[in-house]
Amino acid sequence: MLIWFLPLFLVLLLVGLPVFFALLFAPGALLWLNGQERDITLLYRNLYNGMDSFPLMAIPFFMLAGELMNRGGITLRLVEFSQALMGHLRGGLAHVNVLSSILFAGLSGSAVADTSALGSMLIPAMEKQGYSRKFAAAITAASSVIGPIIPPSGIMIIYAYVMGESVAALFLAGIVPGVMVGVGLMLMIKLMADKYDFPVASQKSTWGERGQASLKAFFPLLTPVIILGGILAGVFTPTEAAAVAVAYALFIGLFVIKTLKFSELPDVLTRAGLTSAVVLLLVGAAMSFKTVVSLSHAPEQLAAFILALTENPLLLLFLINLLLFVVGMFLDAGPAIIILGPILGPVFAGLGVDSIHFAIIMCVNLTVGLATPPMGLVLFVASAVSGERVTTIAKAILPFLAVEVVVIFLITFFPAISMTVPRLTGFAN
C-alpha cells in the first residue's frame, strides 16, 4: 500500500490539495480500494485522538505568546538591541537580521512568525539602506529557520510527543546548533559584505546607547530564561511553561512597557487560534496517517531496506540526511516528523545512535527544508512580505542554505555539538 500511497500523496500535493486533506484522502482512498473500510473509521477517529494531547497544548500557547510579543512592539525592541550591538559593522543590517532571529527564536519558536514579524520590519529598512530586495528577503528567510531550533520549539514538542522523548532534553540539545546556524550565516554575510561592499547601517553605538537598548530588551529577553529555567528546575512542565509565557507576555505588554492595548487582544487571539488550528490539524492528520502506515507494516519493511544498503551508522546518517533534505523541500516539518520519526528513529537507535542526537539531526534538517526550494514555506512568506518572486528569493538564498547544510553535517558527525548541554544538565546519558 505504501508504494501506491506515496505517488498518490505527491499527485494530490501537486494539484494544489492542502497537506491536511492529502494526508487523509490518500490513505483513506487506498484503504477503500483494498476493501479495508473498517480501518477508514480508525483513520478518521485518530484525527481527533492525535490532537487530544496535553503536551501538544504547548504549541498554541507558545504561538499566542509570540503573537502577544510581536503585537506589543517587543520585536522592535529586539531589533533596536541587535542594531546597537552590530549595526556599525559592514553589512550591519544583515547581521542585525540574523541576531534578531536568534533572539526572537527564544520567544516564538516559529520560522513563519520570525519571517513575518522581522521581515515586515527589516526588509524595507535593508532596501532603503541599499541592499537588493531579493537579498534582504533571502537572509530573512534563511535566518528564520533558527526559530524552531533554539528553544522553545514547536517541532521539537511534536517530536517529543510522537517519539516519547524529553522535551527539556530536546530544547537543550537545540541551543548550540541554533547558535551555530546564526554564526555561520553571519560569517557568510561577512564574506559577501567585503566582496560586494555592503553598507554600514549606523554609527557605532556608545556604551550608554547599548545600555539603554539592553534595558528596553531586558523583559523580552527574560522570556526564554523563565521558560527554560522553569522546565529545568522542575517548577512546571513544557505545557505549563508555555502558559506561563503567555501570562508573562500579556503582563509585560499591558502593564510594564504598555505597548499592548486591551482592544488588540481579540485580533491577537484570533490570529494565534488560526495558526494553532493549522498546526494541530496537520498533527492530527499525520497521526492518522501514522496509524495506517503501521497497519501496513511499512516501517519494518523500510527498516529492512535501509539496513540492506549498509549497517555503517555514519554512512546511513549521511544517506538519511539526503532523504530528509529532499523530504523537507516538499513537506512541512511537523507532518514529516510524525510520518518519518517512528520509521527512522528505531532503526538508528538499534544502530547505537543516541535518540536525542537523531532527533536534533531530524529537526534541524527538516527545519532548513522550510527555506528550501521549491516548496519551502518561509520562502512564500518572505515573498508575500517583500513582494519579490519566490524563484528570485530561491536563487539568492543558496549561499545561506549551503552554510546550513554544513551545520547539519557537523551536528550529524560530531554528536558532542548537540549532546554536551543535555548531558551536563543531566537530561541525557
Quiz prompt | Spherically averaged projected area in nm², based on the convex hull that wraps the Cα atoms of the range 8-136 | solution = 11.0
Practice problem: Pick out which of Ala168, Ala125, Ala111 has the largest mean-square fluctuation in a Gaussian network model of the chain, springs linking Cα atoms closer than 10 Å. | Solution: Ala125
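Mind ordering 127-133, 151-157, 231-237, 27-33 by average Cβ neighbours within 10 Å, highest first? Write down the numbers at each step before the final one.
Working: 127-133: 15.7, 151-157: 28.1, 231-237: 13.9, 27-33: 18.0.
The packing order, highest mean first, is 151-157, 27-33, 127-133, 231-237.
Rounded to the nearest whole Å², what accessible area per residue is found for the chain with the 1.4 Å probe? Kindly include the intermediate steps, with their values, before the conclusion.
Working: 17960 Å² over 429 residues.
Averaged over the residues of the chain, the accessible area is 42 Å².
Once you compute Rg and the Kirkwood Rh from C-alpha atoms, what is the Rg to Rh ratio for the range 171-254? Spell out each step's value before the answer.
Values: Rg = 17.9 Å, Rh = 16.1 Å.
Across the range 171-254, the Cα-based Rg/Rh ratio is 1.11.
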Quiz item: If each Cα of the range 97-144 is one equal point scatterer, what is log10 of I(q)/I(0) from the Debye formula at q = 0.16, 0.25, 0.27, 0.31 Å⁻¹?
Solution: -0.36, -0.81, -0.92, -1.13
Exercise. Kindly provide log₁₀ I(q)/I(0) values, in the same order as q = 0.28, 0.30 Å⁻¹, from the Debye equation applied to equal alpha-carbon scatterers of the range 66-119.
Key: -1.08, -1.18
Self-check item: Partner lysines for Lys290 [C-alpha distance under 20 Å; skip if fewer than 8 residues away on the same chain]
Solution: none
Exercise. Sticking to Cα atoms, compute the Rg of the range 317-429 to one decimal and its Dmax as the biggest Cα-Cα distance, whole number, in Å.
Key: 15.4, 48
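Rank-order 10-19, 392-401 by packing density, defined as the average count of other C-beta atoms within 10 Å over each peptide's residues, highest first.
On the way: 10-19: 13.7, 392-401: 19.4.
The densest-packed peptide leads the list: 392-401, 10-19.
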Quiz prompt | Quotient of Cα Rg and 2.2 N^0.38 Å for the range 221-343, N being how many residues it contains | solution = 1.52
Quiz item: From the square roots a ≥ b ≥ c of the eigenvalues of the alpha-carbon gyration tensor of the range 311-377, which class results: rounded (a/c under 1.5), prolate (a/b over b/c), or oblate?
Solution: prolate
Quiz prompt | Accessible surface of the chain [probe 1.4 Å, protein heavy atoms]: carbon and sulfur percent | solution = 69
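In debye, nearest 20: dipole of the chain around its Cα centre with unit charges on the Cβ of K, R (+) and D, E (-)?
960
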Practice problem: State the dimensionless ratio Rg/Rh of the range 128-227 (Rg: radius of gyration of Cα atoms; Rh: Kirkwood radius). | Solution: 1.06
Self-check item: Hydrodynamic radius of the range 72-211 per Kirkwood, over alpha carbon pairs, in Å
Solution: 15.4
Practice problem: Find the eigenvalues of the gyration tensor of the Cα atoms of the range 215-284, then list the square roots of 5 times those eigenvalues as equivalent ellipsoid semi-axes, largest first, in whole angstrom. | Solution: 22, 21, 9
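The values are calculated or read from the model by the stated rules, or taken from the named source; none is laboratory data. Keep in mind it's a predicted model, so treat the numbers as computed, not measured. Neighbour counts are summed over all protein chains in view; Cβ atoms, including those assigned to glycine, are modelled from backbone coordinates with ideal geometry. With ligands, DNA and RNA removed, areas are computed over all heavy atoms of the protein, side chains included. Shrake-Rupley method; radii C 1.70, N 1.55, O 1.52, S 1.80 Å.
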